[in-house]
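First comes the structure, then the notes that go with it.
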Amino acid sequence: MERRLLLICNFVLLLGLIVGLGDQYIIKSNRESGKGRYDLMLAPKKNTVNRVGIIMELKVAKESEEIAAVAAQALQQIDSQKYIIELQNFSIDKTIKLGIAFFGTELECSYNIS
């Protein structure tokens, strides 16, 4: 399966897992922010006590051995492309940045909490 299709399949799977958070979070995907487009953003709704915002960048590794490095690159892309800018409009107290890499059924996640 080509890498783009794998990315789409994993994106849809992840979106399906988080859609249940829709009562507490505004869920956005592939929107412009900073210098590019993030993959997924969860911003707390106004009536939510938990003021944690989440930005996710997803990537597909070419080989199993590079999955950790690809996850780290995805996390670094969140910072270098300044995807956090849109999330800052939601009066958040804490930000979770997730760089997620896939290879087949393997998943690696790099993260930063600030």
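The values are calculated or read from the model by the stated rules, or taken from the named source; none is laboratory data. Note that the coordinates shown come from a computational prediction; the quantities given were computed from them, not determined experimentally. Because the Cβ atoms are built from the backbone with ideal geometry, glycine has one as well, and the counts that use them run over all protein chains shown.
Just one of the numbered conditions (1) touching a strand residue (DSSP E or B) at 6+ places or on another chain (Cβ under 6 Å); (2) at pLDDT below 90 is not true of GLY53: (2). Restricting the first member to segment 86-97 and to residues that are within 15 Å of GLU57 (Cα to Cα), and the second to residues that are outside any strand (DSSP E or B) and acidic (Asp, Glu), the beta-carbon pairs closer than 9 Å and six or more apart or on different chains are LYS97/ASP79.
The residue that is farthest from ILE96 (Cα to Cα), counting only those in segment 43-83 that are assigned to a strand (DSSP E or B) and of a type in the set (Val, Ile, Thr), is VAL60. Within segment 4-42, restricting attention to residues that are of a type in the set (S, T, N, Q) and part of a strand (DSSP E or B), the residue that is modelled with the highest pLDDT is SER33.
Here are LYS82, LYS62: which of them is over 12 Å from the mean Cα position of the chain (by Cα), closer than 18 Å to ASN112 by Cβ and basic (Lys, Arg)?
Checking each option against the conditions leaves just LYS82.
The set of residues in segment 9-62 that are of a type in the set (Val, Ile, Thr), surrounded by 14 or more Cβ atoms within 10 Å (Cβ to Cβ) and within 30 Å of GLY104 (Cβ to Cβ) comprises ILE18, ILE27, ILE54, ILE55, VAL60. Quick one: ILE84 ticks every box in (1) surrounded by fewer than 17 Cβ atoms within 10 Å (Cβ to Cβ); (2) in contact with a strand residue (DSSP E or B) (Cβ under 9 Å, 6 or more places away or on another chain) except a single one, so which number is it? With respect to (1) surrounded by fewer than 17 Cβ atoms within 10 Å (Cβ to Cβ); (2) in contact with a strand residue (DSSP E or B) (Cβ under 9 Å, 6 or more places away or on another chain), ILE84 is out only on (1). For segment 1-50, the set of residues classified as touching a Ser or Thr at 6+ places or on another chain (Cβ under 8 Å), aliphatic (A, V, I, L, M) and under 18 Å from ILE92 (Cβ atoms) consists of LEU40, MET41, listed by residue number.
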